[in-house]
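Take a look at the structure set out below.
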Amino acid sequence: MKAALLLALMALLSSTAEAAAAKRPARPKRPARHRVKVEAPRLTDPTAVSWPRRLKPGRWTPAAADALERLLQHLGEGATGYSRADPPAAVFVLDDAALSGSPGDALLARLTAEAAFSFDESFWKQLPPHYGAARARAGWQSFQGQPRTVWARDPHYLMYRKALHAAYASLCRDAGRKTCARWRAALLTGLDESALQRMARQVVAEALRVPVTPERVGDSPEDPAPTAVTAALRVVPEMLDLVRVLQDRGFDVWVMSASSQYAALEAARLYGVHPTRVVGLRQKVTNGQITPDILQPVPEGAGLAEALTLFLGRPPALAVGRLEDGPLLDYGDGSGLSLLLAEPSTAPPEAARNGWLVQPPFSPVREPQAAVYPPPPGTRPPAEPAPPAPDAAGGP
């Protein structure tokens with residue numbers, strides 16, 4: 001009897017579940033992960049581009065150049081389906097990708113060299129003890145009051161400077177780029193926002209003239225284990241040309257950077273990118289001073305995808321990034337083009353599997369550059385109006 005009742009109950013539950021499943025709306029399919037819907041043979045076939053090329057030849061591989069030309073032709077203004085209200089987006093990673101060097105590193109190098117941090121207790125709390133915090137603080141305290149003209153010869157100044165840069169290098173190596181970027185930004189704690197904005201503008205402009213060879217920072221000229229410090233920035237001519245042509249074709253160009261928002265904004269100006277299209281590492285500001293509170297998302301690693309979702313809200317037609325930027329390159333619904341800046345021998349398996357184009361990184365221009373700021377879209381002067389048609393008498 002009990003067995004019969006149990007079987008009847010199981011049958012009832014089964015039929016109820018089936019009925020509920022039948023009434024339940026079908027679960028929408030998850031969008032496919034980012035795939036480039038472009039056939040590889042066409043990318044390497046220069047005859048696939050039958051129209052005048054828009055990009056300068058530069059150092060692009062034939063496959064990358066051809067794919068970019070086709071992107072510009074088929075998705076830019078005037079193409080079927082183009083909408084000025086919802087233009088296709090192009091997203092670039094700024095640090096060591098669209099730009100040679102990191103504006104955040106350049107800013108850190110200047111602040112360290114000029115001992116321009118706040119140096120209050122909130123600053124020193126950012127330095128982990130096991131990364132030489134005591135050494136940096138002792139050095140800083142010992143050269144206080146010395147004229148700036150003698151700093152370069154003061155062993156305490158040299159000790160302070162090397163300790164800070166060594167701590168940064170060790171943290172980046174041990175904890176990864178995202179933690180490294182957060183720590184670098186936290187060192188800005190206590191600085192006046194307006195002064196930091198002015199310094200960022202000055203640093204970016206001057207970093208274009210700094211030698212690209214890393215500086216060796218040691219406790220003394222004879223230090224056998226100096227720390228390499230890179231403070232140089234260089235505009236990448238091919239990237240500058242690509243951004244310009246994308247904007248001329250009506251693309252919505254964005255840059256993402258793990259550098260401080262202030263440094264990222266100044267570096268993006270070199271490419272004519274509108275300030276509202278720059279996403280750097282942002283911090284809370286209270287009473288005009290930078291706080292250690294980092295605003296999410298941090299545009300590095302997985303934070304790139306979060307930043308795209310928050311600020312852009314749609315898959316980009318073009319994504320350009322490095323080996324560390326897989327979440328950006330793999331973002332979307334499969335309708336865009338992903339360009340990985342890496343040596344082909346170092347490209348991960350997902351590059352071929354997902355159809356990413358692999359472009360060897362552009363080596364930095366060694367010669368100094370001038371700071372030239374192209375006007376961003378929307379601020380460029382309008383084209384000259386056409387002259388009025390002559391009247392019937394032939395006059396103007």
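The values are calculated or read from the model by the stated rules, or taken from the named source; none is laboratory data. None of these values were measured; they are calculated from a predicted model. Glycine gets a Cβ as well: all are built from the backbone with ideal geometry, and neighbour counts include every protein chain shown.
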Quick one: which residue in Gly190, Gly250 is part of a loop (DSSP other than H, G, I, E, B) and outside the structural domain of Trp124 (by TED's automatic domain parsing)? Gly250
Single unsatisfied condition, Leu240 versus (1) within 16 Å of Pro103 (Cα to Cα); (2) modelled with pLDDT of 95 or more: (1)
Answer with yes or no whether Gly272 is of a type outside the set (A, V, I, L, M, F, W, C), touching a residue at least 24 places away in the same chain (Cβ under 8 Å), in contact with a Pro (Cβ under 9 Å, 6 or more places away or on another chain) and over 29 Å from Gln202 (Cβ atoms). no
Run Thr80 past the list (1) closer than 20 Å to Val255 by Cα; (2) β-branched (Val, Ile, Thr); (3) at pLDDT below 95 and report the number of the one that doesn't hold. (1)
Is it the case that Glu266 is crowded, with 24+ Cβ neighbours inside 10 Å and touching a Lys or Arg at 6+ places or on another chain (Cβ under 8 Å)? yes
For region 123-142, give me the residue count where each residue is among the small types (Gly, Ala, Ser) and surrounded by fewer than 16 Cβ atoms within 10 Å (Cβ to Cβ). 3
In the set Ala134, Ala167, Ala181, Ala175, which member is over 20 Å from Pro221 (Cβ atoms), of a type in the set (A, V, I, L, M, F, W, C) and touching a Phe, Trp or Tyr at 6+ places or on another chain (Cβ under 6 Å)? Ala167
Kindly check whether there is at least one residue in region 254-276 that is closer than 28 Å to Tyr157 by Cα and of a type outside the set (Ser, Thr, Tyr). yes
Could you give every pair whose Cβ atoms fall below 7 Å, whose first residue belongs to region 91-102 and is over 11 Å from Trp254 (Cβ atoms) and at pLDDT 95 or above, and whose second residue is acidic (Asp, Glu) and surrounded by fewer than 24 Cβ atoms within 10 Å (Cβ to Cβ), counting only separations of at least 6 or pairs across chains? Ser102/Asp96
In region 208-234, the residues that are crowded, with 20+ Cβ neighbours inside 10 Å and aliphatic (A, V, I, L, M): Leu208, Val217, Val229, Ala231, Ala232, Leu233
